[in-house]
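Beneath this line is the structure, given in structure tokens, with notes to follow.
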Amino acid sequence: MRIAPVEGNRQRLDGGAMYGNAPRALWARWSPPDEQNRITLACRAMLVDDGRRRVLCEAGIGTFFAPEQRERFGVTESRHVLLDSLAELGLRHDDIDAVVLSHLHFDHAGGLLSAHEEGARLLFPRARFIVGARAWARAQDPHPRDRASFIPELNRQLEESGRLEIVDGERSPWLGSAWRFHLSDGHTPGLLLAEVASDDGPVLFAADLIPGRPWVHVPITMGYDRFPEQLVDEKARLLPDLHARGARLFFTHDPGAALAAVKRDEKGRYFA
Ligand SMILES: [Zn+2]
């Protein structure tokens, strides 16, 4: 089994929004802000190739936005970087057998669409799109607080593809026994966290529960999280389990690291 990071377009977002109630003096050490207080975030997918099937966890933000929106979200490149990164691995989007989506916020699912200039149509013509039942329900009926994070046109195209697989529970029969899901509600209801059993131990695609190394610290949340206290509780339950099993975390938004082990210091605090 091969697991590879697949870099997508990067974005620049307000650092305070990314770090919730953490003071700037703290987060600025982890993510140096620019003159507009924005920090750089990766939108990285994870490729899992078991020799038989190629599964992509998420698709990044892509470039489906019109240029003025692209500017607002700090997406500087107009080319679809994820497709170029796949090409570097010798793959095209039509080689992918499945895309597992933790949730349908645009910075995780927008890369399923072609570039704005190419009509923002659904790519990955052979893939099944695996989405959690509650994450799908949320995307269909968002709360006003996070409505702007979804792409209604993408939802429609996923449905019309006939290849949408809604999973309700810990397993997908198609993915098989090497895969399991953890569910989380702190960031958005029904966030689907895929864990794959690699040859070197479990790897968890941490999505927006733990978007990068600083958020391994249990109290650190994002301003975008719907239920921050619940998210803190979820991390406090999950990290001891991952630590005990020698699991590693795969980060989508950390610009400097794709994969890290979960460690615990002498005071019992977790870090990457
Ligand atoms: Zn999100």
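Springs between Cα atoms under 10 Å define the GNM used for the chain, and in it the highest mean-square fluctuation of W27, W174, W136 occurs at W174.
Taking other residues whose beta carbon is less than 10 angstrom from the beta carbon of F129, and scoring Lys, Arg as +1 and Asp, Glu as -1, yields 0.
Database remark: amide H of T188 closer than 5 angstrom to the amide H of R226 (H placed geometrically; neighbours at sequence offset of 5 or more, or on other chains; Pro and chain starts carry no H). Can you work out the FRET efficiency for the pair A4 and K267, with r the C-beta to C-beta distance and R0 = 51 Å, to the nearest 0.05? E(calc), rounded to 0.05, equals 0.90. Before anything else, pin down the relative contact order of the chain: Cα pairs under 8 Å, at least 6 apart, normalised by residue count, whole percent. That works out to 17 percent.
As a test, work out the antiparallel percent of DSSP beta bridges whose residues both lie in the chain, rounded to the nearest 5.
65
Choose one answer from D254, D200, D168: the residue with the largest mean-square fluctuation in a GNM of the chain with alpha-carbon springs under 10 Å. Of D254, D200, D168, the Gaussian network model singles out D200 as fluctuating most. Converting phi to 3J(HN,Hα) with the Karplus coefficients 6.51, -1.76 and 1.60 and the offset θ = phi - 60°, segment 30-39 yields 7, 9, x, x, 8, 5, 9, 6, 8, 10 Hz in sequence order, with x at every glycine or proline. Computed from phi, the 3J(HN,Hα) profile of segment 139-146 under the Karplus parametrisation 6.51, -1.76, 1.60 (θ = phi - 60°) reads 5, 6, 9, x, 7, x, 5, 10 Hz, with x in place of Gly and Pro. Which residues does the label zone of E165 cover in segment 52-86, counting backbone N under 17 Å from a point 7 Å along Cα→Cβ? Answer for this model: 52-59.
Counting every other Cβ atom within 10 Å of each residue's Cβ, H116, H80 order from fewest to most as H116, H80. Couplings for segment 216-223, taken from phi via the Karplus curve 6.51 cos²θ - 1.76 cosθ + 1.60 with θ = phi - 60°, read 5, 4, 3, x, 7, 10, 9, x Hz in order; Gly and Pro are left as x. Applying both filters, DSSP loop and at most 10 other Cβ atoms within 10 Å, to the trypsin sites (Lys or Arg not before Pro) of segment 225-272 gives K267. The amide H of L164, built 1.01 Å from its N in the peptide plane, has F129 as neighbours under 5 Å, considering only residues 5 or more places off or on other chains. Computed from the C-alpha gyration tensor, the three semi-axes of the ellipsoid equivalent to the chain are 26, 23, 18 Å, from longest to shortest. Computed about its Cα centre, the charge dipole of the chain is approximately 460 debye, with only Lys, Arg, Asp and Glu carrying charge at their Cβ.
If we count every other residue with Cβ under 15 angstrom of E35's Cβ, Lys/Arg +1 and Asp/Glu -1, where does the sum land?
For residues surrounding E35, the net value is +1.
Database remark: amide H of R38 closer than 5 angstrom to the amide H of G15 (H placed geometrically; neighbours at sequence offset of 5 or more, or on other chains; Pro and chain starts carry no H). Note on the chain: with a GNM built from Cα contacts shorter than 10 Å, the maximum mean-square fluctuation among L26, L83, L204 falls on L26. Modelled this way, with points 7 Å down the Cα-to-C-beta line, the labels at E117 and N37 are 3.3 nm from one another.
Segment 161-217 and segment 15-60 have Cα centres spaced 17 Å apart.
Every read-out reported here was derived from the displayed coordinates using simple, explicitly stated rules and does not represent laboratory data. Predicted model only: the values in this text are computed from it and were never measured. As a convention, Cβ positions derive from the backbone with ideal geometry for all residues, glycine included, and neighbour counts pool all protein chains shown.
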